[in-house]
Amino acid sequence: MFIINCPYCGKRDQVEFSCGGEAHIERPKQPTELSDDQWAEYLFMRKNIKGVQFERWNHTHGCRKWFNMVRDTSNDKIHATYKMGEKPPIK
Amino acid sequence: MSNELRINKNNFIDQTVRISFKFNGKKLFGFKGDTLASALLANDIHLVGRSFKYHRPRGIMTCGSEEPNAIVQIGSDPASTEPNVRATEIELYEGLEAFSQNCWPSVNFDVGGINNLLSPILPAGFYYKTFMWPASFWEKYEFFIRYSAGLGKSPTKADDDLYDHQYAHCDALVIGGGISGVISAKLAAEKGLDTILIDDKNFLGGSTIYQDEESFKINNANSNQWLAREIESLKSYKNLVIKSRTSLAAFHGYNYLLAREALTDHLSVHERKNKIRQRLWKIRAQKVIIASGSIERPLIFNNNDRPGIILSSSIKKYIDYFGVKTGNNISLFTNNDSAYETAISLSKSGVNVNVIIDIRENSDSNIVKEAQKLGIKILWGHTIVETNGYKRIKSFEAMKLSSDGGNIVGNKIKFNSDCIGISGGWTPMVHLYTQSGGKLQFKSNDNIFIPDETKTPSEQISVGSCNGDFELDDVVNNTIYNVKKFISLDKSSYDKINVNCSKESSKKNIWLLPSDKPLHKTKPFLDFQNDSTAKDVKLALREGFKSIEHVKRYTTTGMGTDQGKLSNMHALGIIADTTGTNMGELGTTTFRPPYTPLTFGTIVGRNVGKFFDHTRKTAIHNWHVDNKAEFENVGQWKRPWYFPKNGETMHEAVQRESKAARESAGILDASTLGKIDIQGSDASEFLNRVYTNAWSKLAIGKCRYGLMLNEDGMVYDDGVTTRLAENHYIMTTTTGGAANVLSKLEDYLQTEWPELDVYLTTVTDQYSTISICGPNSKNIIKKIIPDLNLSDENFPHMSFKDSKIDGVDCRIMRISFTGEHSYEINIQSNYANDVWKACMDAGKEFNITPYGTETMHLLRAEKGFIITGQDTDGTLTPSDLQMDWIISKKKYDFIGKRSLYRSDTIREDRKQLVGLLTDDPKEVLEEGAQLVEDINKEPVEMLGHVTSSYYSPNLNKSIALAIVKSGKKMKGKKLIVPMEEKNINVTITDTVFYDKENKRLNA
């Protein structure tokens, strides 16, 4: 059970949050220009990394804001949380 | 009561308070402070249960939570009886009733004992190997296996005890109240940290609190006296909370821990009334200090499971703590020094210590010398090769070990004993450490796994014997040093501590001790509860199992209620020895929570019955109750299902309601539909992007039906959205989808389209919705809102008007889910009940008929309107639903658009929505029934299934909707619905059954 530092509210218990999968996958601006394969890449393909992973999280039972998280899936260490649209503070 | 086995010594129970209890129906007595186990032993009862597989007689083996054998059923009340309780943990209370488990007809004469004779043909994997074939017999086997292999019996009535959950936040949590836990807690308290000290017993002090020997001194006092004073001193710290009878169950990441506090389990049934039974503590600690101690290991030798064979340290606790002799002529069998402490305690209490069999060649530590001074006989370099006595140990035979320890030499020596204390060394309790994510390292001189400092999650530390320190001076000095560092404490009251103790000078370990008989003729038990032996582990290895996790599951070693706390290490050791691997490389099985079993009651706490989930009720709910509605659960909502009159069945009520709605007027509480208020200068653009159809040109005051897709092109939700003003819309969603739709829209707004000026607010609860439909709906609205111009020109279908009812603002939408001329009144919820009643009064002359969800479903099915979630299941595109008309061809993009022409979504043989008519119009299909074309072709190809099915009173025939492979092209085709008794013939039709021309909307 993580303690998550919501960029808007501060540290809160994990029960207030929900995970929305891999971060930094932008919805294509011109989907109609894409081939089936390119669209499928956006639609279906997600990484499942053992190690440092970038994730989308939502403060569901709080401010309802979406934000991003850098988390090591092997030990659940959260390296950073940052607002949508911001660049990840860690590579 | 026989007092022969009680000694009067300064111990920890109150011998002035007698407590009566029953074991297997027999009335017995014990004293206040006894556990069930100590009271049974004081009554000379060792035989407590039968083993799981062979039904061998088994006795009390330990004095703590690791007990594998003495597990009993507590109580006989069908609601409160509890199975699989460890007799070593249950505190004795007046009126306690306990029963042996897994035996029939009694623990003394158990028919299942025949399995013991059959044991040569019941090896590891017996069930897997035997009951594989023929497969069809499995059901018969299963019944037999379940009947004969049960442990305790579950309660048959609902638990009426109270359970609680509570959060705790602290600076430091200390787990374990033994000597290292007490020292740690005091250090944390001295530092000024808000500290919680948790211990599962009712009394702090662990095993040191009764360690009263000259060989163990702290600051010149015997270790027990020193510790007693330290425990007393803890009371002066206001920042220290001590929770006894509290067992740590789980250690999750980020120092989140769960602990179970037993509040009334030690009280008599009468005293428990109206009290909370157990509390689950949810603890968030800044720092965690694990001082969970260690558990003594048994030795693995032939017939090591007989009642009367007890862990040596437990014998010491029974005599020193409870004042109970576990026998009158006790022998000890050991590979280390700790059994000598037991020997000294017994000897001082006047119990004859027959002999100590020690597999080591010698030892000259102080504690051994102290035992020798007392005249105790020691047989060095020997092992026990056989034990005798079926229901209680009577005698045993010992032989000399060969120099390499792998065999025996010389002659058998026979000893008589009514109890053998065994000690195979100590296993650190690293369960909680590994649950938290810590990794272990193997320490070969003690054959133990201990926390690896370099792979320990931050903000926690393990101290004491759970960290591999077994000598008293190491325990005390290392705990002080490490905890001070951990909490950054410079000076403490322990800085001048002086510990003197006996040090173990020789070590020897043999995981499987040899016997004079060949291995296959012996029974060296590893897992006492599950009856798995060293033979079984070796067999598993011969059969090709290599991973410890596989061997565990194949032999069931460590899979009982005790989770192999005693002998998992021996299983590992035997695997390592047999395969020639290093134990450190082999690793351990995974330690999973809970550390000891939790009751379901503790886990769910107060979240039972009506508190299990939220119940949402509309503002008109009480009217529905008063008018005898039957309710249906829709998500968390309670919705009227139908309103039976004069004992009508559901079918009769729905037929009447459906007819009335079309013939005159029906009224529906539609308040549960999700309502999202959408505002902002980009609101129209936003709707363009989330719905499949176009919204920019929707005039103010008009309503439009919209279909929302997932990005994969599948229908997600639907509903009518109304343009209230230039930049203001109100969207309705399905009842069940409301919360998810709002989340999804928020997600897109925040993450993909932050440039849009749009604000979303849920107003589902703020507005109630009353829907009136039927040819007389107009007349009823006219009576309620006389000054509203209801002409088709002023107020056409799919439009809305702001209005007032008795001065209260409301929105009237002219929209229809039934195909009839309909109005929806949206009004602030606190006025809804009155408006509903006003509608009922106004509609009386038109026989206005309240209807529920079932009639609503029937009426919309007559019109072929889908219900997302019933007719769709996340695999259907708008085109699959024959709703191509709703997909805008002009819009460049909307959610899911690109997916609508993926190669898979344009397949013509996708499942598609169709209508179905039964050849026999009276035959109503079952929803979910399969559709096939050729029943004789094997395998029968299933083309689809029925999604909605009703008997339509307005059409006087059965109608249904279904999804069928290539359904669009199959209009007029005959299919079969195969049912258990018969095949039903159906014909594929259009999805609209009633009023295809939509004339009734303006009727």
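Here are the numbers for the structure shown:
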{"item": "Long-range HN-HN contacts of B:G674 with modeled amide H, under 5 Å", "result": "B:T733, B:T734, B:T735, B:A738"}
{"item": "Residues B:L374, B:L193 arranged by fewest to most Cβ contacts within 10 Å", "result": "B:L374, B:L193"}
{"item": "Peptides B:244-257, B:33-46, B:795-808, B:514-527 ordered by average Cβ neighbours within 10 Å, highest first", "result": "B:33-46, B:244-257, B:514-527, B:795-808"}
{"item": "Per-peptide average of other Cβ atoms within 10 Å, ordering B:658-667, B:978-987, A:16-25 highest first", "result": "B:658-667, A:16-25, B:978-987"}
{"item": "Mean separation of Cα contacts under 8 Å (6+ apart) over length of region B:907-1002, as relative contact order %", "result": "36"}
{"item": "Inter-chain shielding of A:14-26 (mean C-beta neighbours from other protein chains, 10 Å cut-off)", "result": "1"}
{"item": "Cα gyration tensor category, rounded, prolate or oblate, for region B:907-1002 with a/c compared to 1.5", "result": "oblate"}
{"item": "For A:37-47, mean number of other protein chain Cβ atoms within 10 Å", "result": "2"}
{"item": "Chain A, helix-only ellipticity at 222 nm - DSSP H runs n ≥ 4, -39,500 (n - 2.57), divided by all residues, nearest 500", "result": "-3000 deg cm²/dmol"}
{"item": "Mean-position separation - Cα centroids, region A:29-91 and region B:283-318, in angstrom", "result": "47"}
{"item": "Cys residues of chain A counted as unpaired, since no other Cys beta-carbon is under 4.7 Å", "result": "A:C19, A:C63"}
{"item": "Net charge, B:R272 excluded, C-beta distance under 9 Å - Lys, Arg +1, Asp, Glu -1", "result": "0"}
{"item": "Residue-averaged [θ]222 nm for chain B, counting only DSSP H segments that reach four residues, each worth -39500 (n - 2.57)", "result": "-6000 deg cm²/dmol"}
{"item": "Prolate/oblate/rounded call for region B:477-613, Cα gyration tensor, a/c under 1.5 rounded", "result": "oblate"}
{"item": "Net charge of Cβ neighbours under 14 Å - reference B:I886; Lys, Arg +1; Asp, Glu -1", "result": "+1"}
{"item": "Net charge of Cβ neighbours under 11 Å - reference B:V625; Lys, Arg +1; Asp, Glu -1", "result": "+1"}
{"item": "Average beta-carbon neighbours from other chains, 10 Å sphere, peptide B:54-63", "result": "0"}
{"item": "Relative contact order (%) - criterion: Cα under 8 Å, at least six apart; region: chain B", "result": "9"}
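Taken together, the values in this text are just the output of simple stated rules run on the coordinates, not laboratory data. It should be emphasised that the depicted structure is a prediction, and the values quoted were computed from it without experimental measurement. Cβ atoms come from the backbone with ideal geometry, glycine included; neighbour counts cover every protein chain shown.
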